[in-house]
Amino acid sequence: MVLLPWKIRRASKKNTKKQLFDDLDVELIMPTHFRCPISLDLMKDPVTLCTGITYDRDSIERWIEAGNETCPVTNQVLKTFDMIPNHILRRMIQDWCVENRSHGVERIPTPRIPVSPYQVSEVCSRIESATQLGDANRCAELVMKIKNWCKESERNKRCIVENGTGCVLSACFESFSSVSSEKHMSLLGEILSLLPWMIPFGKQGRSMLGSESSLRCIIRFLKSPDLSARQKAVLLLKELLYSDETEAITKTLLEIEGLLEALVYLIRDPISPTATKASLMAIYYIISSTDNNSNKNIISRFLEMGLVSVIVEMIFEAEKSVCEKALGVLDAICNTEQGKEAAYQNALIMPVLVKKILRVSDSATELSVSILWKLCKKERMEDVESVVIEAIQVGAFQKLLVILQVGCGERTKEMVTELLKLLCVYKNRVDCVDSSMDFKYLIRPF
């Protein structure tokens, strides 16, 4: 039988399709001993315990970290938690992956041997020696070694943090920043990139990073054009302020020129949500940790920089976490008369506060009510009247009633009750509108 060319092509296509469907019907069977007994997935880094059972390293580490002291398969008590890499089984798994590449199986990479506590301690000792000798080049080499270990795995990161590296790097940072921060900016930048995730540093580490020379260096990075360095600096600053030594650190920081401006700039011109939140938290700690006179001066400086307008705009558009922290800063600012005056002068303040009640979170609702309550507690009666009337016009009365119905904290309940009593006095004089109204008609002062 002779097939015409078009029939040959058609028959060829038919055979190709049949072969394709036949290939799809092939079931790929993974050898049982290639699977981890815990996760039942293909092992990427097989290790053997003292009981002779092999597991995937990640799975057995999570098992042990959860507080288990027995072998998952045999249920025997583990005399030691040592994990011996099973190189033979790992090579067999890699060969099997290569053989089945046509079925979409990817070859597992050869895992790196995790760093040990001994190795970390050894490097830390060398950093301490190099720091005492003032050998910046040697310190830079060792810091880069730690940085490369961190990039390899999360396990390495945990091992490095748990073996006191943060305190050693803090001492190194303090030492070279006190000698000449300009000369050693490269080394200090590398250390700064590691410090934010090495928390806690311990009391000694915090003390070293809280020194004047360290803080000046951190603020220098905070004002640098390098976006990554600015983010690391503000993250470290936030952690230093969140401690028992907040008051002392704040006092030192306020003597350094450019700190407040740098923090406000990070909010006005954000580089990432993480940096924005850290900057807001740092501002909150600075305002909250000072005495009355210093507090008024700090708030006055923030107001001159237009912080209230920046925060109100942020609250209007921000996601939950940023919104809560921005409201916290605004609440702290409103503890002073000048802060309340600056807040009320913003055309969006009242509509935005009422809008956020019962919209974001319980914390945001409580902070919004607190700010609203403080604004209605102004010294001059004519100012109070204008604040209350505007609150009623944008629907605060209805929102406050709902808060009482759904429940809230005792302090918030007291403020809501007091506000409702105050709003009732003026309620019949004005027309209320829905708080979900569009605010496009309002003119922003920024």
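The values are calculated or read from the model by the stated rules, or taken from the named source; none is laboratory data. Keep in mind it's a predicted model, so treat the numbers as computed, not measured. For neighbour counting, all protein chains shown are included, and Cβ atoms are generated from backbone atoms with ideal geometry for every residue, glycine included. Calculation scope for accessible area: heavy atoms of the full protein, side chains included, ligands and nucleic acids excluded. Shrake-Rupley method; radii C 1.70, N 1.55, O 1.52, S 1.80 Å.
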Report summary line: Restricted to segment 176-193 and to residues being among the small types (Gly, Ala, Ser) and at pLDDT 90 or above, the residue farthest from ALA136 (Cα to Cα) is SER193
Query - Residue that is hydroxyl-bearing (Ser, Thr, Tyr), in a helix (DSSP H, G or I) and over 26 Å from LYS203 (Cβ atoms), where the choices are SER121, SER102, SER129, SER125 - result: SER102
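I'm checking my understanding of the structure. Among residues of segment 214-250 that are hydrophobic (A, V, I, L, M, F, W, C) and either open to solvent by 20 Å² or more (accessible area, probe 1.4 Å) or touching a strand residue (DSSP E or B) at 6+ places or on another chain (Cβ under 9 Å) (or both), which one is modelled with the lowest pLDDT? Give the derivation first.
As a first pass, look at segment 214-250 and keep what is hydrophobic (A, V, I, L, M, F, W, C): 215, 217-219, 221-222, 227, 229, 233-237, 240-241, 248-249.
From what is left, the residues that are either open to solvent by 20 Å² or more (accessible area, probe 1.4 Å) or touching a strand residue (DSSP E or B) at 6+ places or on another chain (Cβ under 9 Å) (or both) are 227, 235, 248.
Numbers: LEU227: 92, LEU235: 94, ALA248: 84.
Applying the filter and picking the extreme gives ALA248.
Residue under question is LYS277, and the condition is that it be among the basic types (Lys, Arg) and under 19 Å from the mean Cα position of the chain (by Cα); does it hold?
Yes: the conditions hold for LYS277.
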Query raised in the report: Where in segment 346-446 are there helices (runs of 4 or more DSSP H), lying wholly inside it, with at least 2 residues that are at pLDDT below 85 and open to solvent by 50 Å² or more (accessible area, probe 1.4 Å)?
Result: 381-393, 410-427
Report summary line: Going through segment 400-414 in order, the residues found to be over 32 Å from the mean Cα position of the chain (by Cα) and of a type in the set (D, E, K, R) are GLU414
Query raised in the report: How many of the residues in segment 69-84 are more than 16 Å from HIS33 (Cβ to Cβ), in contact (Cβ under 8 Å) with a residue 12 or more places away in the chain and either polar (S, T, N, Q) or not in a loop (DSSP other than H, G, I, E, B) (or both)?
Result: 3
Requested in this report: Select from segment 90-117 the residues that are under 30 Å from the mean Cα position of the chain (by Cα) and open to solvent by 30 Å² or more (accessible area, probe 1.4 Å) and list them in ascending order.
Outcome: PRO111, ARG112, ILE113, SER116, PRO117
Query - Failed criterion for THR110 (all others in (1) within 20 Å of SER59 (Cα to Cα); (2) part of a loop (DSSP other than H, G, I, E, B); (3) touching a residue at least 24 places away in the same chain (Cβ under 8 Å) hold) - result: (3)
**Report entry** Single residue of segment 162-175 satisfying the filter (modelled with pLDDT of 90 or more and open to solvent by 10 Å² or more (accessible area, probe 1.4 Å)) that is nearest to ASN148 (Cα to Cα)
**Finding:** VAL168
Requested in this report: Report, ordered by the first and then the second residue, all pairs with beta carbons closer than 7 Å, sequence separation of six or more or different chains, a first member in segment 347-376 that is within 18 Å of SER309 (Cβ to Cβ), and a second member that is in a loop (DSSP other than H, G, I, E, B) and of a type in the set (Lys, Arg).
Outcome: ALA347/ARG444; LEU348/ARG444
Requested in this report: Keeping to segment 307-340, report how many residues are surrounded by 16 or more Cβ atoms within 10 Å (Cβ to Cβ), part of a loop (DSSP other than H, G, I, E, B) and within 26 Å of the chain's Cα centre (by Cα).
Outcome: 1
Query - Hits in segment 311-341 (condition: closer than 16 Å to ARG268 by Cβ and touching a residue at least 24 places away in the same chain (Cβ under 8 Å)) - result: ILE311, VAL312, GLU313, MET314, ILE315, PHE316, VAL322, LYS325, ALA326, VAL329, LEU330, ILE333
Report task. Hey, can you tell me all the residues within segment 5-44 that are acidic (Asp, Glu) and at pLDDT 90 or above? Result -> ASP41
Report task. Taking ALA343 as the residue in question, decide whether it is open to solvent by less than 40 Å² (accessible area, probe 1.4 Å) and out of contact with any Cys (no Cβ under 6 Å at 6 or more places or on another chain). Result -> no
Query raised in the report: Among the residues of segment 176-213, which ones are more than 23 Å from GLU247 (Cβ to Cβ) and open to solvent by less than 30 Å² (accessible area, probe 1.4 Å)?
Result: PHE176, SER181, HIS184, LEU187, LEU188, GLY189, ILE191, LEU192, SER193, LEU194, MET198
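Conditions tested, residue by residue: (1) part of a helix (DSSP H, G or I); (2) of a type outside the set (A, V, I, L, M, F, W, C); (3) open to solvent by 40 Å² or more (accessible area, probe 1.4 Å); (4) touching a residue at least 60 places away in the same chain (Cβ under 8 Å).
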{"position": "ILE256", "(1), (2), (3), (4)": "no, no, no, no"}
{"position": "VAL264", "(1), (2), (3), (4)": "yes, no, no, no"}
{"position": "ILE267", "(1), (2), (3), (4)": "yes, no, no, no"}
{"position": "THR274", "(1), (2), (3), (4)": "yes, yes, yes, no"}
{"position": "LYS277", "(1), (2), (3), (4)": "yes, yes, yes, no"}
{"position": "ILE283", "(1), (2), (3), (4)": "yes, no, no, no"}
{"position": "ILE286", "(1), (2), (3), (4)": "yes, no, no, no"}
{"position": "ASN297", "(1), (2), (3), (4)": "yes, yes, yes, no"}
Query raised in the report: Which residues, counting only those in segment 53-67, are open to solvent by less than 50 Å² (accessible area, probe 1.4 Å) and out of contact with any Pro (no Cβ under 8 Å at 6 or more places or on another chain)?
Result: SER59, GLU61, ILE64
